[in-house]
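Data first, discussion second: the structure below is written as C-alpha cells.
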Amino acid sequence: MAFPEAREDVEQAVLAFLSREDYRPVPQRELLHRMHVPSDARPRVRRALKELLQDGRIARLSGNRYALAVVGRVLRGRLEQARPGFGFVVPEEGGRDVFVPARHFEDAVHGDVVAVRITGEDDRGRLEGAVVEVLDRRGRTVLGRFRETGGGAGAVDPFERGAPAAIPVAAADRGGARDGEAVVLEVRAGWGGSGSTGAVVEVLGPLDKPGVDTRVVARRHGLPLAFPEEVLRAAGRLPEAVPPEVAAGRERFDDPAPVTIDGETARDFDDAIAVAARPGGGFRLWVHIADVAHFVLPGDPLDREARARGTSVYFPDRVLPMFPEALSNDLCSLRPGEDRLVQTVVLDLDARAEVTSVRFADGVIRSAARLTYTQVAAVLEAGEERRRVAGVPPVIVPMLRVADRLREALERRRRARGSVDFDLPEPRILLDVEGVMTGITVEPRNTAHRLIEECMLAANEAVAGWLAEREAPCLYRIHEKPDPLKLEALDAFVHPIGLALRVDPQRITPKDVQALLDQAEGKPEYAVVAQVALRSMRQARYSEENVGHFGLAAPVYCHFTSPIRRYPDLVVHRFLRAARHGKLRALTGLAAELPALGESCSQLERTAETAERELLEWKKIAFMRGREGEIFEGIVTGVAPFGLFLQLTETLVEGLLRVEHLGGDRFTYDAARQELRAERGSTRYGLGQPLQVLVQRVDSVLRRVDLALEGEPVKTPAPRPRPRGRGEKEGKKRARRPGRRERAARGREGR
C-alpha cells in the first residue's frame, strides 16, 4: 500500500498511529519501522514529526520517544482505586490508563465517572493526572458480601476486583444484613482507608441461595429484572392470536412446511426455515422471521422499553427478555400449529451457494414442528436406515437433508472468501428444579447449529445488500480490520508454539486469521490460540455507515433475524418494509437517529455480554466451592512472572498456579517465548501445556481459584530456536511472587 504524499495526509497518518490504543512511546527510528514507512517516504514523515512538534500536537519524551501531546488534555473515564494511595482512570474513549495519586482524587471514589486532566508522564511511561470534576457518582454504591466483625458492626468486602479493601459498617448502618449476605453499600467516606465508612442500603440475600448471584450481577450492570406497569399494560392490549383479517392479506408460506430449530430450553422462536432443491443442483431457501414490527410501533411503550434494554440477556437460570412474554413467548413466537406473522426472505442459490435472486414478503406461516439442535443433528448424522428420530415428523426429514446440503455449500462459499470461524467450546450450566447448580457440560457446535447459522447469515447479508444497493437507511453490523499492533502481539504470542500469522499486519485479511487457526487445529493449544486471536480482533458494532464485516469477509452485513431479542433487528425490519413499500419518508426521524442508536445498541450489547460472562463465572466458582483438594486436568492459557493461568478441561474454570507452587526450583520468565523455565534442570512450562493440578483455594467474593501442582509436569519438546531481536533480553527476568502492584494490575485487567 502506497504511503501518503500530501503533507496533511502524512500528518494524519502519524497522529492516527500515535493515537492507537496499544501504542507506547518509541524513538523515531522504531516509529518509522512500526509504521512500515518505505525508505523513500521517510523524509516526509520526519518533516511531519518536526512540524507536529512545533505545533504542539505531539511531544518528544525522554529517550527521543514520540507521543501525542496530552498534557493539559481532559479525559472522561472511570476511577478505579487500586489501593488507598493511588488509582487509575480508565478513559471511555480508549487508550492508556491515567495514574492518579490519592491526593488528586478531589472527592471522587472508586467507581465514579470523572473528568481527569493530564499533568504529565512519569519515567515509566505512565500518564499522570488529577481529577477535576466528578461527572457521575455511581461509585457511591458498591456491591459486596457483609461479614460481622463484632459488637454488631461489620464490614463489606466488595465483589469488584481491584477494589482495595473492606469498608467498615457501624452497627447502626448494617440495615439488617447478616453474615455472608450480598448487600448494596452506600460509601459515605473514603475507600479502604482508615476513614472509610459505609451503610447498607439493600440486602440481596445469602450468596449460596439460588438466584441471589443473578440479582447481584443484574444490579451491578443496571439490568432491569421486571417490566414497568405501563409496558405490561401495553403488552396486555395486544391480541391473543393473529387476527384472521390480517393473515388473509398476507402471502402464505406452507409449502415446503417451515420448521423452527432451537436449543432444548429455548422459549422464544423468532426464526423458521424451509429449503427445497432446484433443477441443476441449486436451492431455494425461505427464512421466516417473526414480524415484531407489525405489533410494536415506533415510540410506543413497548418500543421505548425495548430500545432502553437493547437486547435480551441470557443467564443460566433465567432470561431478561427485551419484550414481555405476552409478545416474545406467545404472539411473536413461531409456535407449531399456530398462524404467525413473519417477514420472509426468499433466496435462490446455485449449486455453489451463490445468490441468484432475492425476494422479500410480508408473510404468514404455521410452523410444522418445533425441533431442537440435538434432534436435527441426529437426523442428519444418521444413516439411510436410521432416519427416524423421536419428535421429528418423517415428512420433514427429506427437507432437512436438502437443508444440510445447502449448509455444506454455504460453508464452502464462506470459507473460500476467507470468513473466520472461531470454534470455541461453550460451557452449559446444569441446574436442578430449584435452580441449584449441579454441574457444567461443554457443548460443541453440531451440524444443526451450523445449519441455522448459515441460513441466518445468508438472510442477514441479503437484507443488508438489498438496502445498501438502494441507498436506504440501515443499521449495519460492522466489524473493522484489526489493529496492526494487536496483530503483531498475536504473532509474537503464537511464535513460541511454532505458529505464525505469515503476513504483514498492515495487509491482514480474514483468510490470514483463519489460516492461523487452521495451523493450530488439532493441537492442545488450539483453544488458547483461538481465544487470543479473538481478543486481537476489534469488537463488532452497529453503525449507520457500512464499512463491511471483517470477520465474515462480508462487504455488507446487518442483523435482521432476531427482532424478539435484539433492537437493531427491529429497526432493520422497519426500514426494509418501508423501502419495499416506498414509505421511507415516514421514517426520516428514525434515520436521523441511527448514529446515536448504533452507539447505544452497541454499548447495551457489550453490557449484556459482560453480565452474561460474569454470572457464568459466578456459577462456575460456586460449583468449585467445596472441591478444594480435588485434582483436575488443565491447560496453560497464560504465563506471567508470578505464575501460570490454567483452564480446567472438565469445567472451563480458570485458575492461577502461582510460581511458588511449581516445586522447589527457581524459575525464569521468558516473555518472548511465554515460558517459565527452571534455572536448574530442563523443566519448563508454556502455553497449551497440559498439567494435573490440585484446587487449593476458592474465593467466592473475588471469584478466584488458586491451584497447586499435582505430580510431575508434562514435558514438552524444546521450541524452535528464534533469532534474538532488540528488546528480547529485557523480556527475561526471574519469576517472583506477585506483590501488591501485580495484584492490583491483575484486578484491573480482569484476570
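The values are calculated or read from the model by the stated rules, or taken from the named source; none is laboratory data. Only a predicted model underlies this, so the values are computations on that prediction, with no experimental measurement involved. With ideal geometry, Cβ positions are generated from the backbone for all residues, glycine too; neighbour counts draw on all protein chains shown. Surface accessibility is based on the protein's heavy atoms, side chains included, excluding ligands, DNA and RNA. Shrake-Rupley method; radii C 1.70, N 1.55, O 1.52, S 1.80 Å.
Using the structure shown, decide if Ile621 is under 28 Å from the mean Cα position of the chain (by Cα) and part of a strand (DSSP E or B).
no
For the range 418-441, taking the residues that are among the charged types (D, E, K, R) and in contact with a strand residue (DSSP E or B) (Cβ under 8 Å, 6 or more places away or on another chain), the one that is least open to solvent (accessible area, probe 1.4 Å) is identified as Asp432.
Only one entry of Ala199, Ala189 meets the criterion of being open to solvent by less than 40 Å² (accessible area, probe 1.4 Å), more than 19 Å from Asp330 (Cα to Cα), modelled with pLDDT under 90 and more than 31 Å from the chain's Cα centre (by Cα), and that entry is Ala189. Checking each residue in the range 561-577 for being over 28 Å from Ser536 (Cβ atoms) and open to solvent by less than 10 Å² (accessible area, probe 1.4 Å) picks out Pro563, Ile564, Tyr567, Leu570, Val571, Val572, His573, Phe575, Leu576.
Are any of the residues in the range 366-387 within 30 Å of Glu245 (Cα to Cα), among the aliphatic types (A, V, I, L, M), assigned to a loop (DSSP other than H, G, I, E, B) and in contact with an Asp or Glu (Cβ under 9 Å, 6 or more places away or on another chain)?
yes
Considering only the range 423-449, state which residues are among the hydrophobic types (A, V, I, L, M, F, W, C), more than 30 Å from Gln519 (Cβ to Cβ) and in a loop (DSSP other than H, G, I, E, B). Break it down stepwise before answering.
Initial filter on the range 423-449 (among the hydrophobic types (A, V, I, L, M, F, W, C)): 424, 429-431, 433, 436-437, 440, 442, 448.
From the residues that got through so far, the ones that are more than 30 Å from Gln519 (Cβ to Cβ) too are 429-431, 433, 436-437.
Once the filter is applied, which keeps residues that are among the hydrophobic types (A, V, I, L, M, F, W, C), more than 30 Å from Gln519 (Cβ to Cβ) and in a loop (DSSP other than H, G, I, E, B), the range 423-449 yields Val433, Val436.
Looking only at residues in the range 319-333 that are crowded, with 17+ Cβ neighbours inside 10 Å, in contact with a Lys or Arg (Cβ under 9 Å, 6 or more places away or on another chain) and not polar (S, T, N, Q), the one that is modelled with the lowest pLDDT is Val319.
Conditions tested, residue by residue: (1) open to solvent by less than 50 Å² (accessible area, probe 1.4 Å); (2) under 17 Å from Val342 (Cβ atoms); (3) among the polar types (S, T, N, Q).
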{"site": "Pro244", "(1), (2), (3)": "no, yes, no"}
{"site": "Asp255", "(1), (2), (3)": "no, yes, no"}
{"site": "Val259", "(1), (2), (3)": "yes, yes, no"}
{"site": "Asp262", "(1), (2), (3)": "yes, yes, no"}
{"site": "Phe269", "(1), (2), (3)": "yes, yes, no"}
{"site": "Ala272", "(1), (2), (3)": "yes, yes, no"}
{"site": "Val275", "(1), (2), (3)": "yes, yes, no"}
{"site": "Phe283", "(1), (2), (3)": "yes, no, no"}
{"site": "His294", "(1), (2), (3)": "no, yes, no"}
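Which one is nearest to Lys486 (Cα to Cα), of the residues in the range 31-43 that are open to solvent by less than 40 Å² (accessible area, probe 1.4 Å) and part of a helix (DSSP H, G or I)? If we take residues in the range 31-43 being open to solvent by less than 40 Å² (accessible area, probe 1.4 Å) and part of a helix (DSSP H, G or I), then Leu31 is nearest to Lys486 (Cα to Cα). Just to verify a result, which residue in the range 50-66, among those that are surrounded by 20 or more Cβ atoms within 10 Å (Cβ to Cβ) and not aromatic (Phe, Trp, Tyr), is modelled with the lowest pLDDT? Per the stated criteria, the residue is Ile58. Scoring Asn329 on the criteria (1) under 30 Å from Glu434 (Cα atoms); (2) of a type outside the set (Gly, Ala, Ser); (3) over 28 Å from the mean Cα position of the chain (by Cα) leaves a single failure, condition (3).
State yes or no: is Gly337 over 27 Å from the mean Cα position of the chain (by Cα) and open to solvent by less than 20 Å² (accessible area, probe 1.4 Å)? It is false that Gly337 is over 27 Å from the mean Cα position of the chain (by Cα) and open to solvent by less than 20 Å² (accessible area, probe 1.4 Å). The one condition from (1) at pLDDT 95 or above; (2) open to solvent by 10 Å² or more (accessible area, probe 1.4 Å) that Val547 does not meet is (1).
Kindly indicate whether Arg606 is closer than 25 Å to Ala459 by Cα, outside any helix (DSSP H, G or I) and of a type in the set (Lys, Arg). I'd like the intermediate steps shown before the answer.
Values: closer than 25 Å to Ala459 by Cα: yes; outside any helix (DSSP H, G or I): no; of a type in the set (Lys, Arg): yes.
Against the criterion (closer than 25 Å to Ala459 by Cα, outside any helix (DSSP H, G or I) and of a type in the set (Lys, Arg)), Arg606 does not qualify.
Suppose the filter is modelled with pLDDT of 85 or more, surrounded by fewer than 18 Cβ atoms within 10 Å (Cβ to Cβ) and of a type in the set (Gly, Ala, Ser); does Gly151 pass it? It is true that Gly151 is modelled with pLDDT of 85 or more, surrounded by fewer than 18 Cβ atoms within 10 Å (Cβ to Cβ) and of a type in the set (Gly, Ala, Ser). Return yes or no: is Val70 over 30 Å from Leu204 (Cβ atoms), modelled with pLDDT under 85 and crowded, with 16+ Cβ neighbours inside 10 Å? So Val70 fits the description; yes.
Exactly one residue out of Arg574, Arg565, Arg535 is of a type in the set (Lys, Arg) and more than 21 Å from Ala464 (Cα to Cα), and it is Arg535. Pairing residues of the range 493-517 that are at positive phi and among the basic types (Lys, Arg) with residues that are part of a helix (DSSP H, G or I) and open to solvent by 30 Å² or more (accessible area, probe 1.4 Å), at Cβ distances under 8 Å and at least 6 apart in sequence or on separate chains, gives Arg502/Asp512; Arg502/Ala515.
Of the residues that make up the range 478-501, is at least one crowded, with 17+ Cβ neighbours inside 10 Å and within 26 Å of Asp291 (Cα to Cα)? Yes, some residue in the range 478-501 is crowded, with 17+ Cβ neighbours inside 10 Å and within 26 Å of Asp291 (Cα to Cα). Taken as a whole, the condition of being in a loop (DSSP other than H, G, I, E, B) and closer than 30 Å to Glu675 by Cα does not apply to Glu614.
Against the definition (within 24 Å of Leu475 (Cα to Cα), open to solvent by 20 Å² or more (accessible area, probe 1.4 Å) and modelled with pLDDT of 90 or more), how does Ala554 come out, yes or no? In short, no. Please work out if Glu11 is modelled with pLDDT of 85 or more, of a type in the set (D, E, K, R), crowded, with 19+ Cβ neighbours inside 10 Å and under 26 Å from Pro484 (Cα atoms). Yes.
Looking across Leu410, Leu451, one residue alone is among the hydrophobic types (A, V, I, L, M, F, W, C), touching a Lys or Arg at 6+ places or on another chain (Cβ under 6 Å) and modelled with pLDDT of 90 or more. It is Leu451. Considering only the range 676-691, I want to know if a residue exists there that is more than 26 Å from the chain's Cα centre (by Cα), open to solvent by less than 40 Å² (accessible area, probe 1.4 Å) and among the polar types (S, T, N, Q). Yes, the conditions are met somewhere in the range 676-691.
Among the residues of the range 225-265, which ones are of a type in the set (Phe, Trp, Tyr) and farther than 30 Å from Ala608 by Cα? Residue satisfying the conditions is Phe253 alone.
Arg352 - would you say it is surrounded by fewer than 23 Cβ atoms within 10 Å (Cβ to Cβ), over 28 Å from Leu225 (Cα atoms), of a type in the set (Lys, Arg) and without any contact (Cβ under 8 Å) to a residue 24 or more places away in the chain? In short, no. Being open to solvent by 20 Å² or more (accessible area, probe 1.4 Å) and hydrophobic (A, V, I, L, M, F, W, C): is that true of Val463 here? Criteria not met by Val463. A single member of Pro298, Pro336, Pro316 is closer than 19 Å to Leu223 by Cβ and touching a Lys or Arg at 6+ places or on another chain (Cβ under 8 Å), and it is Pro316.
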